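Colleague: The structure under discussion is supplied below as structure tokens; questions concerning it will follow.
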Amino acid sequence: MVPGDGIGKEVIPAALDVIRATGAPVNFTEFDWSADRYLKDGTTVPPDGFEMLAREFDAIFVGALGDPRVKSNIHAKEILLGMRFKMDLYANVRPVKLLDAALCPLKDGTPERIDFTVIRENTEGVYMDMGGSFKKDTPDEVATQEDVNTRKGVERVIRYAFEYARKHGRKKVLMADKSNVMSYAGGLWQRVFQQVATEYTGIVPQHMYVDALCLQMVREPESLDVIVTNNMFGDIITDLAAALQGGLGMAASGNIHPGRISMFEPVHGSAPPLVGKNVANPMGAILSGAMMLEHLGCGAEARRVESAVSAAVKAKMLTPDVGGTKGTREVAEWIGKETAKRQNG
């Protein structure tokens with residue numbers, strides 16, 4: 001467990017209490033990797049940190065990272081992106097499930113219409129920090145940022161999306177790109193997607209340009225099932241998707257490498273203005289914990305957590321960001337008790 005910065009230190013411990021309430025046989029070890037640690041002794045990730053996690057643990061549970069005292073945000077980059085890249089967590093999985101129509105900004109948004117998953121390639125693209133500047137801070141400055149796509153990286157995340165669809169009873173996999181203008185990278189995604197799709201009879205392959213997909217997510221979200229896309233487009237459309245389910249405070253995610261240690265985190269930021277006010281929404285962290293339980297083979301316990309969160313939404317046990325009046329601690333305690341009740345029942 002890495003609570004991180006800001007409200008991460010509030011919502012991650014709250015989520016842990018809910019996980020413990022399931023009775024799942026999970027033990028946690030806390031690490032102080034954070035802005036506080038960096039400002040204290042300059043440590044972002046200790047030597048052998050990632051190797052140690054892979055050797056000694058089955059999963060990683062991470063809170064938000066980011067602190068205005070660290071202007072460069074170097075600690076957040078080295079911890080969070082370090083986990084994704086150095087531990088090769090190539091599939092970022094973002095379930096998008098609306099729990100109650102009252103949470104959705106669409107006038108006709110219902111749980112029946114909004115229930116899909118975005119799978120984002122997590123280790124390539126423009127996030128590899130390849131590029132440079134020439135004649136910096138002059139009128140003739142040139143900046144380049146390279147979009148790196150490998151056959152291996154593209155194929156494995158597309159295959160993961162089809163496997164995910166098969167495992168979860170989904171009928172369609174939609175690949176989103178911008179191949180009409182990004183012809184080299186998009187061409188690779190197109191060819192690999194078409195080839196992999198032939199191996200999965202019974203699952204319908206679909207394609208949309210990413211801008212058209214944004215339109216579709218608002219107009220006809222019920223048409224979507226599983227979406228797979230590159231790192232940058234996935235980063236953008238999952239924020240739009242989070243809005244459909246009530247905002248970033250409701251959004252969960254997993255950073256997965258099948259068969260290896262994987263990392264789970266709520267997708268919201270550290271929100272410094274909210275720290276210490278007991279108003280941060282713990283549901284995204286709690287639902288990320290449920291994803292982690294599922295990954296660890298505790299499927300029944302994960303279902304109990306998800307059911308308890310749904311019950312909390314229906315009972316209006318909500319924080320202010322989703323129209324409620326309750327605090328972080330009160331919401332998490334209610335969900336924990338409801339989870340334990342389901343275990344006993």
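Colleague: For the structure I just gave you, tell me whether GLY23 is crowded, with 16+ Cβ neighbours inside 10 Å and not in a helix (DSSP H, G or I). Walk me through it before giving the result.
Modeller: Values: crowded, with 16+ Cβ neighbours inside 10 Å: no; not in a helix (DSSP H, G or I): yes.
Spelling it out, it is not the case that GLY23 is crowded, with 16+ Cβ neighbours inside 10 Å and not in a helix (DSSP H, G or I).
Colleague: OK, next. State all residues of the stretch 246-289 that are outside any strand (DSSP E or B), within 12 Å of the chain's Cα centre (by Cα) and hydroxyl-bearing (Ser, Thr, Tyr); if no residue qualifies, say none.
Modeller: Listed by number, the list holds a single entry, SER288.
Colleague: Here are some residues: VAL196, VAL218, VAL228. Which one is crowded, with 19+ Cβ neighbours inside 10 Å and in a helix (DSSP H, G or I)? Let's see the steps before the verdict.
Modeller: Values: VAL218 fails: crowded, with 19+ Cβ neighbours inside 10 Å; VAL228 fails: in a helix (DSSP H, G or I).
Result of the check over VAL196, VAL218, VAL228: VAL196.
Colleague: Let me ask something additional. Please specify each residue of the stretch 107-128 satisfying the condition of being open to solvent by 10 Å² or more (accessible area, probe 1.4 Å) and at pLDDT 95 or above. Lay out the reasoning, then the answer.
Modeller: Residues of the stretch 107-128 that are open to solvent by 10 Å² or more (accessible area, probe 1.4 Å), as a first pass: 107-108, 110-113, 115, 123-124, 126-128.
Result: THR110, PRO111, GLU112, ARG113, ASP115, THR123, GLU124.
Condition check ((1) in a helix (DSSP H, G or I); (2) surrounded by 18 or more Cβ atoms within 10 Å (Cβ to Cβ); (3) within 22 Å of the chain's Cα centre (by Cα); (4) among the acidic types (Asp, Glu)) across all residues:
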{"residue": "ASP36", "(1), (2), (3), (4)": "yes, no, no, yes"}
{"residue": "VAL45", "(1), (2), (3), (4)": "no, yes, yes, no"}
{"residue": "GLU51", "(1), (2), (3), (4)": "yes, no, no, yes"}
{"residue": "ALA54", "(1), (2), (3), (4)": "yes, no, yes, no"}
{"residue": "ASP67", "(1), (2), (3), (4)": "no, yes, yes, yes"}
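Colleague: Sticking with this one: Could you list all residues from the stretch 140-198 that are on the phi > 0 side of the Ramachandran plot and of a type in the set (Lys, Arg)?
Modeller: Of everything in the stretch 140-198, nothing turns out to be on the phi > 0 side of the Ramachandran plot and of a type in the set (Lys, Arg).
Colleague: So ASP88 passes all but one of these: (1) assigned to a loop (DSSP other than H, G, I, E, B); (2) of a type outside the set (Phe, Trp, Tyr); (3) in contact (Cβ under 8 Å) with a residue 60 or more places away in the chain; (4) touching a strand residue (DSSP E or B) at 6+ places or on another chain (Cβ under 9 Å). Which condition number does it fail?
Modeller: (4)
Colleague: Among the residues of the stretch 3-20, which ones are closer than 11 Å to PRO266 by Cβ, of a type in the set (Gly, Ala, Ser) and part of a loop (DSSP other than H, G, I, E, B)?
Modeller: Passing the criteria: only GLY4.
Colleague: Here is a follow-up. Being out of contact with any Lys or Arg (no Cβ under 7 Å at 6 or more places or on another chain) and surrounded by 17 or more Cβ atoms within 10 Å (Cβ to Cβ) is the filter here, so list the residues in the stretch 56-65 that pass it.
Modeller: Of everything in the stretch 56-65, those that are out of contact with any Lys or Arg (no Cβ under 7 Å at 6 or more places or on another chain) and surrounded by 17 or more Cβ atoms within 10 Å (Cβ to Cβ) turn out to be ALA59, ILE60, PHE61, VAL62, ALA64, LEU65.
Colleague: If I filter the stretch 231-245 down to residues being among the polar types (S, T, N, Q) and part of a helix (DSSP H, G or I), which single residue comes out as nearest to VAL118 (Cα to Cα)?
Modeller: THR238
Colleague: Could you please find all residues in the stretch 318-337 being open to solvent by 30 Å² or more (accessible area, probe 1.4 Å) and either at pLDDT 95 or above or part of a helix (DSSP H, G or I) (or both)?
Modeller: PRO320, ASP321, THR325, LYS326, ARG329, GLU330, GLU333, TRP334, LYS337
Colleague: Name, by its number, the condition in (1) surrounded by fewer than 24 Cβ atoms within 10 Å (Cβ to Cβ); (2) farther than 23 Å from GLU51 by Cα that does not hold for ALA251.
Modeller: Evaluating ALA251 over (1) surrounded by fewer than 24 Cβ atoms within 10 Å (Cβ to Cβ); (2) farther than 23 Å from GLU51 by Cα leaves (1) as the failure.
Colleague: Scan the stretch 71-82 and report the pairs whose first residue is at positive phi and surrounded by fewer than 15 Cβ atoms within 10 Å (Cβ to Cβ) and whose second residue is in a helix (DSSP H, G or I) and modelled with pLDDT under 90, with Cβ atoms within less than 8 Å and a gap of 6+ or a chain change.
Modeller: Listed by first residue and then by second, the contacts come to nothing, as the list is empty.
Colleague: If you don't mind, another one. Going through the stretch 199-215 one residue at a time, which ones are among the hydrophobic types (A, V, I, L, M, F, W, C) and open to solvent by less than 50 Å² (accessible area, probe 1.4 Å)?
Modeller: Those that are among the hydrophobic types (A, V, I, L, M, F, W, C) and open to solvent by less than 50 Å² (accessible area, probe 1.4 Å): ILE203, MET208, VAL210, ALA212, LEU213, CYS214.
The values are calculated or read from the model by the stated rules, or taken from the named source; none is laboratory data. For clarity, every value in this text was computed on a predicted model and none was experimentally measured. Because the Cβ atoms are built from the backbone with ideal geometry, glycine has one as well, and the counts that use them run over all protein chains shown. Just the protein is used for accessible areas: all its heavy atoms, side chains included, with ligands, DNA and RNA removed. Shrake-Rupley method; radii C 1.70, N 1.55, O 1.52, S 1.80 Å.
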